[in-house]
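Engineer: For reference, the structure I am asking about is given below.
Derivation of every value follows stated rules applied to the coordinates shown; laboratory data play no part. Given the structure is predicted, the values throughout are model-derived calculations rather than measurements. Every residue, glycine as well, gets a Cβ built from its backbone with ideal geometry; the counts of neighbours run over all protein chains shown.
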There are 2 protein chains.
Amino acid sequence: MEVIEAIFTRRSIRRYKDKPVADEQIKTILEAAMMAPSAGNAQPWQFIICRNKESLSRIKDINPYAAMAEQSSLGILVCGDLSLEKFAGFWVQDCSAAVQNILLAAHGLGLGSVWTGIHPIKEREDGFKKLFRLPQQVIPLAYVVIGHPDQDLKSPGRFKPERVHYDKW
Amino acid sequence: MEVIEAIFTRRSIRRYKDKPVADEQIKTILEAAMMAPSAGNAQPWQFIICRNKESLSRIKDINPYAAMAEQSSLGILVCGDLSLEKFAGFWVQDCSAAVQNILLAAHGLGLGSVWTGIHPIKEREDGFKKLFRLPQQVIPLAYVVIGHPDQDLKSPGRFKPERVHYDKW
């Protein structure tokens, strides 16, 4: 799928078929995540591959907006590792770029995904830290649900000309 | 260009040819930016198209790492608009996803780009706010330099298996 088309047609998928994501696809998605740019090229990220059914069933208790995790076969918890930062405070942007690469790579592979937010909501951070036994310096940014889509969503078109300003506000 | 290939081959470009970016390409890049996902679909972003030579020459004084702005013909200042947020604190992630779409769309169009960081460095925020006369609730996140690349960088490969954890840390 062409990159511009992929950007324009990607949607948040919340219904999944009961079919696993292949290991090779997971590898491609992780490689894509790690190709994101980062401040000082610090690459301050860590990824937890979540496929354990017991864990997936507990995510809805941490974030009800991520309840579809239970119906999916795969999730990737994208975390910032503060011990890897070169320029303090940029890890959120670096890891967000990695998440966007994950969403687009999954879409390019014919998979669906949805970005569910964690940071900066403290209770969600604590819940995911506990569930996946993260060390103190590793902060969960987002939980990305991934799977074979069981819904077909059209591209909405989101261009808003009033959000574009020329040479000054 | 295929989306996975685009993700894998995109590099930060810091040398540009003296040739303008077409209006149609700018439109495609902005459409791509606004197709990013956002918390609650709030789309809390604003974009300043920077082509004024006088402004471009002043950016290096705000951020020396963005000195290449002066040699480029185009920049996009990506800003979060706090008045548009639905879930407080997620604007950085939303706008970072938009930046990543900008970088990938530019690459897909044969253009080069580089993400130069602003937020959360207060002096840079203040410098860009003043230069582009941003209202109080609009926070500059990143200045993206865009142009016709005058360097050809190979894909480095950044996959680090030690950053991947299975089912728990």
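Engineer: For A:Lys129, which aspartates and glutamates qualify as cross-link partners when the Cα separation must be under 16 Å and same-chain residues fewer than eight apart are set aside?
Structural biologist: Result set, ordered by chain and number: A:Glu54, A:Asp61, A:Asp81, B:Asp167.
Engineer: Ok, one more. Could you pull out the pairs from A:Lys154/B:Lys86; A:Lys168/B:Lys154; B:Lys86/B:Lys160 whose alpha carbons sit more than 27 Å apart here?
Structural biologist: Table pairs above 27 Å Cα-Cα are A:Lys168/B:Lys154; B:Lys86/B:Lys160.
Engineer: Quick one: what does P(r) look like for region A:3-151 with 5 Å bins over all Cα pairs, in whole %?
Structural biologist: 2, 10, 21, 23, 21, 14, 7, 2, 0
Engineer: Tell me the distances, shortest first, between B:Glu2 and the same position across the other copies, using label points 7 Å along Cα→Cβ, in nm to one decimal.
Structural biologist: Reported distances to equivalent positions: 1.6 nm.
Engineer: Per-residue mean of other chain beta-carbon atoms within 10 angstrom of the beta-carbon, peptide A:118-131? Could the numbers behind the result be given before it?
Structural biologist: On the way: counts 1, 4, 6, 4, 0, 0, 0, 0, 0, 0, 0, 1, 0, 1.
If you average over the peptide's residues, the count of other-chain Cβ atoms is 1.
Engineer: Another question, if that's okay. Give the Rg/Rh ratio for region B:93-169, taking Rg as the radius of gyration of the Cα atoms and Rh as the Kirkwood radius, to two decimals.
Structural biologist: 1.09
Engineer: Something else about it: In µm²/s, what is D for region B:96-139 at 4 °C and 1.567 mPa s, where D = kT/(6 pi eta Rh) by Stokes-Einstein and Rh is the Kirkwood radius from Cα pairs?
Structural biologist: Value of D from the Cα-based Kirkwood radius: 108 µm²/s.
Engineer: Setting aside same-chain residues fewer than 8 positions from A:Lys19, which lysines have a Cα under 18 Å from its Cα?
Structural biologist: Within the straight-line limit of under 18 Å, A:Lys19 reaches these lysines: A:Lys27, A:Lys53.
Engineer: Quick one: Cα centre-to-centre distance for region A:90-148 and region B:4-72, in angstrom?
Structural biologist: Measuring centre to centre over Cα atoms gives 25 Å.
Engineer: Please sort A:67-77, A:29-39 by packing, taking for each peptide the average over its residues of neighbouring beta carbons within 10 angstrom, highest first.
Structural biologist: A:29-39, A:67-77
Engineer: Still on this structure: Using C-alpha positions alone, give me the convex hull volume of the protein assembly as shown per residue in cubic angstrom.
Structural biologist: For the protein assembly as shown, the hull spanned by Cα atoms encloses 118 Å³ per residue.
Engineer: Hey, what number do you get for the protein assembly as shown at 222 nm if only DSSP H runs of n ≥ 4 count, each worth -39500 (n - 2.57), divided across all residues, to the nearest 500?
Structural biologist: Calculated at 222 nm, the ellipticity per residue is -10500 deg cm²/dmol.
Engineer: Compare A:Asp94, A:Asp81, A:Asp150 in a GNM of chain A, Cα atoms joined below 10 Å, and give the one with the largest fluctuation.
Structural biologist: Result: A:Asp150 has the largest fluctuation of those listed.
Engineer: Principal axis lengths of region B:1-74 from Cα atoms, whole Å, largest first?
Structural biologist: 36, 29, 25
Engineer: How many nanometers, to one decimal and shortest first, lie between the label point of A:Ala42 and those of its other copies, if labels sit 7 Å from Cα toward Cβ?
Structural biologist: With the label placed 7 Å along Cα→Cβ, A:Ala42 yields 2.4 nm.
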